[in-house]
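Below: one structure, written as structure tokens.
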Amino acid sequence: MTRNKAVPSLAVLLSLVVLAACLVAPAWAVKHENFKTCEQSGFCKRNRAFADRASAEGSSWSSPYELDPATLSFQDGQLSGMLVKNVSEHEKVQLPLTIAFLESGAARLVVDEERRLKGDIETRHGSKINKKRYDEAEKWVIVGGLEGSKTATLNAQSETGFTNVAYGPNGNLQAIIRHSPFEIEFLRDGESQVQLNKQGYLNMEHWRPKLENSESESAEDESTWWEENFGSNTDSKPRGPESVGLDITFPGFSHVFGIPEHADSLSLRETRGGPGNHENPYRMYNSDVFEYELDSPMTLYGSIPFMQAHRKGSSVGVFWLNAAETWVDIVKKKASSNPLSMSASEKVDTHTHWISEAGRMDLFVFLGPTPQDLSKTYGELTGYTQLPQHFAIAYHQCRWNYVTDEDVKEVDAKFDKYQIPYDVIWLDLEYTDDRKYFTWDPLTFPNPKGMQEKLDASQRKLVVLIDPHIKNKNDYFVSQELTSKGLAVLNKDGEVYDGWCWPGSSNWVDCFNPAAVPWWNSLHKFDKFKGSMPNLFIWNDMNEPSVFNGPETTMPKDNIHYGNWEHRDVHNINGLTLVNATYQAMLERKKGELRRPFVLTRSYFAGSQRTSAMWTGDNQATWGHLAASLPMVLNNGIAGFPFAGADVGGFFHNPEKELLARWYQAGIWYPFFRAHAHIDTRRREPYLISEPYRTIITQAIRLRYQLLPAWYTAFHQASVNGTPIVRPQYYVFPEDEEGFAIDDQLYLGDTGLLAKPVVQENTFTTDIYIADDEKYYDYFDYTIYQGAGKRHTVPAPAEKIPLLIQGGHIIPRRDRPRRSSTLMRWDPYTLVITLNKDSEAEGTLYVDDGETFDYERGGYIHRRFRYQDSVLSSEDIATKGAKTAEYSKTMSGVSVERLIVIDPPTSWKSKMSVTVMEDGAKTATIAPLEYHEQKDGKASYAVVKSPNVGIGKTWRIEF
Ligand code: NOJ
């Protein structure tokens with residue numbers, strides 16, 4: 001949340017006490033009392049207690065769930081049957097189960113509750129809410145990858161008490177399903193990878209009527225079954241207890257990653273206490289957490305319940321498709337296979353325990369074996385990241401707030417004056433008339449069109465904030481339409497829910513309602529959002545949703561959405577539904593032409609990557625927050641939502657110049673690169689910062705622009721196979737155990753660029769970990785670093801970004817500085833080449849118009865560059881389509897203007913030229929080569945000027 005900090009008490013004495021306290025501890029800290037711990041969350045506490053009981057009873061514990069073999073059937077790769085919960089000798093609960101084995105190699109387990117499926121339950125307080133367990137998450141999240149396996153085979157062995165299924169594209173995967181107690185073990189090549197209910201924590205709280213105390217014989221703690229209090233809120237829980245819990249074990253895996261969003265290390269910690277561990281499970285309940293803390297499993301604004309377990313030789317994953325509040329406990333134990341061994345290399349099992357408040361159990365299991373396989377298969381299900389407009393991957397300038405349209409124009413002009421490139425300027429909340437979205441403040445923004453035209457002159461864009469809370473005011477057309485059309489979220493009594501947010505009393509659009517989408521669409525049209533132009537894009541903030549006077553700063557869980565679902569059922573998807581609607585609205589704003597929308601969201605869920613970028617919300621101008629941003633962005637990447645960034649400079653407070661400069665040097669490695677600041681902070685646009693920092697920041701931004709071709713290529717890869725845009729160490733070197741926990745250095749796509757931003761004050765060297773025995777070259781002066789499995793000390797004076805290139809790569813870049821990235825559209829390319837041990841190199845380049853969807857019809861250039869046997873070549877790897885010729889024509893004048901070969905063979909000393917052969921050219925041409933000798937650990941390099949080969953052409957250059 002972003003409200004100003006409370007003014008200290010009026011009493012002078014008290015103020016002094018507060019001040020003294022501030023001197024010993026930072027004044028800013030999360031208000032823990034506003035957010036639940038597991039102990040304060042009824043269902044989390046109950047499931048942990050259940051797990052404790054199971055653990056305490058050890059081998060005498062028997063999970064009360066069994067699969068009735070008589071009910072099993074197998075068709076089209078799907079096993080169906082009835083899971084039975086033995087509540088008591090007389091009471092058995094029927095839980096229909098399916099396990100679908102998918103063509104992709106993923107398996108999906110779904111468990112529902114028969115009585116609720118049939119609507120055979122009573123809700124309390126006369127509530128009309130849906131009686132089913134929420135089963136529509138997939139409608140919002142899953143977009144493909146559900147084809148059943150054609151080759152999966154069943155091997156039922158009822159007499160042994162097991163059912164086996166062999167599956168997977170290579171038939172090397174296996175699920176061994178134990179009937180009683182119910183357990184599943186997933187194997188790859190005969191080796192156990194993922195185990196479900198091995199610990200016996202499976203728990204589906206079945207529906208039951210509320211009995212009066214005297215009637216109830218239950219030994220269970222019912223105190224949070226029927227209603228639950230937190231702060232001043234009472235949750236009426238009309239369906240009683242309904243949580244789902246399951247333990248998932250990763251045998252032999254000591255690292256688990258994923259389940260954003262948390263401000264924590266990439267490799268997730270244990271959560272059941274002990275030194276260095278957390279006390280609480282990782283929580284996923286999208287929330288506006290004011291002044292969030294670091295190294296914490298507390299929930300933040302978004303959630304992606306996708307976890308990967310990694311060890312040498314194997315990456316596996318699980319995706320827990322549940323939109324309700326969810327907690328995940330993590331415990332690591334010495335592998336059960338050899339409990340007595342104390343050797344240092346002892347294997348570890350990671351036990352996880354997943355707990356959701358409501359909904360059915362819906363779990364996908366992925367058996368890898370590589371991190372890339374997980375990205376791909378998970379992406380097939382939830383969608384790959386959108387290929388954004390090109391401007392969106394350049395630099396964004398934001399603050400709360402640019403205060404007038406003249407202010408915007410002045411900032412724009414200053415960037416030009418100081419020759420600092422930027423593409424997008426942002427307007428926060430205050431551009432609106434009285435915080436009514438889709439309007440402009442008539443006093444401060446009298447001429448929005450003039451402002452947007454000015455930006456457009458240098459091909460720049462404007463992004464404005466539109467939040468989901470609508471000011472509750474009779475004379476506001478959006479408010480009138482929202483309520484008269486019945487498109488608002490309702491409270492538990494079925495009336496329009498009213499809460500408090502930026503505009504004061506507000507109502508919330510319910511984008512679960514299909515009718516809300518065309519309406520939301522209409523609001524973004526130029527005739528409704530008057531004064532907006534085609535170069536305006538949207539920022540959806542506060543969409544957790546943030547409600548200042550709501551429980552845990554959000555909506556009451558018993559609020560009601562379209563379909564009579566409780567807010568409890570859908571909370572974590574809520575933000576995604578708004579963004580989907582905004583995306584739709586933005587698609588067709590330019591008449592007659594579909595353009596890729598750009599939407600930034602704060603709240604997100606699995607699937608949000610299809611429509612938006614995200615940022616890590618309200619961080620702080622501290623070195624700790626700068627450091628935390630790297631694992632957070634990396635984690636989002638491996639969780640399938642790589643278009644991620646953090647507020648550069650820190651949102652709250654004023655960064656020192658050194659911190660700000662280092663933040664820019666780090667921020668250029670965020671896929672989403674935006675500076676932002678709180679309304680109470682001092683202005684800090686790069687041109688305002690005194691030297692040498694202004695130049696340092698300018699150079700950092702220019703480096704981002706120089707490498708935009710490599711960035712866009714990495715975005716394209718993410719959009720077709722789910723690979724993260726910036727990648728952590730373990731992802732690039734999955735066999736090197738030393739690197740698994742490293743989360744402070746990153747790789748840009750597969751360019752071989754390895755960056756290690758400085759995130760400590762007053763620090764002028766850094767250690768970069770190198771996994772392999774290739775040579776790595778300093779990006780700027782070509783100093784050579786070599787030595788596998790070691791940290792190498794790299795100088796990092798204030799102006800320097802520690803950045804290496806691994807040998808064996810060809811990196812495309814554009815070296816001519818321009819005001820905005822769109823103005824670089826026709827600029828020539830430079831290719832930077834580093835040779836590997838075999839004197840070879842490879843790289844790719846993807847280019848399209850950066851704006852439309854023509855690339856879906858072949859309107860793009862996709863090249864593979866290779867250096868082999870002293871020949872550099874460019875090969876076409878695109879698939880042709882209706883738009884190929886047209887696009888190629890527009891790019892026909894764009895060429896390669898320079899080749900830089902780092903560390904070439906010394907025989908090149910005497911080489912004066914290279915021979916250039918372009919397809920279609922009648923004769924070969926000669927281009928001059930200059931050899932630059934360097935000493936003292938710096939590699940020599942050669943420059944070929946003006947080879948002038950077309951970027952979209954096939955060619956060979958002989959050295
Ligand atoms: C909260 C967002 O996190 C922040 O970035 C924004 O400036 C404020 N809301 C005001 O709109």
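The values are calculated or read from the model by the stated rules, or taken from the named source; none is laboratory data. Keep in mind that this is a model prediction, so the values were computed, not measured. A quick note on method: Cβ atoms are made from the backbone with ideal geometry, for glycine too, and the neighbour counts reach across all protein chains shown. SASA here: full protein model, heavy atoms, side chains in, ligands and nucleic acids out. Shrake-Rupley method; radii C 1.70, N 1.55, O 1.52, S 1.80 Å.
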So which residues in the range 559-593 are open to solvent by less than 10 Å² (accessible area, probe 1.4 Å) and either of a type in the set (Phe, Trp, Tyr) or in a loop (DSSP other than H, G, I, E, B) (or both)?
Asn559, Trp565
Selection within the range 722-744 - out of contact with any helix residue (DSSP H, G or I) (no Cβ under 6 Å at 6 or more places or on another chain) and free of Cβ contacts under 8 Å to residues at least 40 places away in the same chain:
Val732
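Which of the residues belonging to the range 674-703 are over 28 Å from the mean Cα position of the chain (by Cα), more than 16 Å from the ligand (Cβ to nearest atom) and not acidic (Asp, Glu)?
Looking only at the range 674-703, we keep the residues that are over 28 Å from the mean Cα position of the chain (by Cα), and these are 680, 682-683, 687-696.
So of that shortlist, the ones also more than 16 Å from the ligand (Cβ to nearest atom) come out as 687-696.
Listed by number, the residues that qualify are Tyr687, Leu688, Ile689, Ser690, Pro692, Tyr693, Arg694, Thr695, Ile696.
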Only one residue in Ser506, Ser546 is among the small types (Gly, Ala, Ser), within 16 Å of the ligand (Cβ to nearest atom) and touching a helix residue (DSSP H, G or I) at 6+ places or on another chain (Cβ under 7 Å), so which one is that?
Ser546
Cβ contacts < 6 Å: first residue more than 18 Å from Ser506 (Cα to Cα) and in a loop (DSSP other than H, G, I, E, B), restricted to the range 418-441; second residue small (Gly, Ala, Ser) and modelled with pLDDT of 95 or more, any location; separation 6+ or different chain. Result?
Asp423/Ala394; Asp423/Ser820; Asp423/Ser821; Trp440/Gly531
Out of (1) more than 16 Å from the ligand (Cβ to nearest atom); (2) over 25 Å from Phe764 (Cβ atoms); (3) surrounded by 22 or more Cβ atoms within 10 Å (Cβ to Cβ), the odd one out for Glu737 is which?
(3)
When both residues are 6+ apart or on different chains and their Cβ atoms are under 6 Å apart, which pairs have a first residue that lies in the range 229-249 and is in the same structural domain as Leu97 (by TED's automatic domain parsing), and a second that is part of a strand (DSSP E or B) and among the hydroxyl-bearing types (Ser, Thr, Tyr)?
Val244/Ser356; Ile248/Thr352
Restricting to the range 827-843, name every residue that is of a type in the set (Val, Ile, Thr) and in contact with a Phe, Trp or Tyr (Cβ under 7 Å, 6 or more places away or on another chain).
Ile833, Thr834
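Tell me the residue from Met891, Met912 that is surrounded by 16 or more Cβ atoms within 10 Å (Cβ to Cβ) and at pLDDT 95 or above, please. First the steps, then the outcome.
Details: Met912 fails: surrounded by 16 or more Cβ atoms within 10 Å (Cβ to Cβ).
Testing whether each residue is surrounded by 16 or more Cβ atoms within 10 Å (Cβ to Cβ) and at pLDDT 95 or above leaves just Met891.
Yes or no, residue by residue, for (1) within 16 Å of the ligand (Cβ to nearest atom); (2) touching a Lys or Arg at 6+ places or on another chain (Cβ under 7 Å); (3) among the small types (Gly, Ala, Ser):
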position	(1), (2), (3)
Glu406	no, no, no
Lys409	no, yes, no
Asp423	no, yes, no
Glu430	yes, no, no
Asp433	yes, no, no
Restricted to the range 442-491 and to residues being part of a strand (DSSP E or B) and of a type in the set (A, V, I, L, M), the residue farthest from the ligand (Cβ to nearest atom) is Leu490
Scanning the range 436-462 for residues that are farther than 26 Å from Ala394 by Cβ and not hydroxyl-bearing (Ser, Thr, Tyr), which turns out most open to solvent (accessible area, probe 1.4 Å)?
Leu443
I want to confirm something. Restricting to the range 271-291 and keeping residues that are surrounded by fewer than 20 Cβ atoms within 10 Å (Cβ to Cβ) and more than 16 Å from the ligand (Cβ to nearest atom), which single residue is nearest to His351 (Cα to Cα)?
Arg272
Which of the residues that make up the range 594-623 are open to solvent by less than 10 Å² (accessible area, probe 1.4 Å) and not in a loop (DSSP other than H, G, I, E, B)?
Val599, Leu600, Thr601, Ser608, Gln609, Ala613, Met614, Trp615, Gln620
